[in-house]
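Worksheet for the structure shown next.
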Amino acid sequence: MSVNPKPYTGNYPISLNFHFKLHGKPLDISNHFYLTKLVEDGLVACGVIPDDSQKYIKNISVSSEKSKKDEDDVVEVELSPTI
């Protein structure tokens, strides 16, 4: 977990790639989009990205898997420039 996330310094617009590892019953993949919006707003609030408009974010992808019993719930977010 990054306590002090750094601002993204690459080119815009970007793609946000979310990978969820969660305990319990797996969510329908479309249910993850609610969670992605919360994380996306957090990236703006922390200053990682300047805004969540289409000027800055072009694509979002979501994948998920069930986490193992000894693992914490995790959301991995990859920011990459769109081509």
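Here, each number is a calculation from the coordinates, and none is a lab measurement. Note that the structure is a prediction, hence the values are computed from the model and not measured. Heads up, the Cβs are rebuilt from the backbone with ideal geometry, glycines too, and the neighbour counts pull from every protein chain shown.
Annotations
- Residue check: E78 meets all listed conditions (1) in a loop (DSSP other than H, G, I, E, B); (2) under 14 Å from the mean Cα position of the chain (by Cα); (3) of a type in the set (D, E) but one, namely (1).
- Enumeration of residues in the stretch 9-53 that are polar (S, T, N, Q) and surrounded by 15 or more Cβ atoms within 10 Å (Cβ to Cβ): S15, N17, T36
- Any hit, the stretch 36-57, residues being under 20 Å from I83 (Cα atoms), part of a strand (DSSP E or B) and of a type in the set (K, R): no
- Any hit, the stretch 18-32, residues being under 11 Å from L79 (Cα atoms), in contact with a His (Cβ under 9 Å, 6 or more places away or on another chain) and touching a residue at least 24 places away in the same chain (Cβ under 8 Å): yes
- Residue count, the stretch 10-35 (criterion: more than 10 Å from the chain's Cα centre (by Cα) and not in a helix (DSSP H, G or I)): 13
- Residue match in the stretch 55-65 (condition: surrounded by fewer than 14 Cβ atoms within 10 Å (Cβ to Cβ), among the charged types (D, E, K, R) and in contact with a strand residue (DSSP E or B) (Cβ under 8 Å, 6 or more places away or on another chain)): yes
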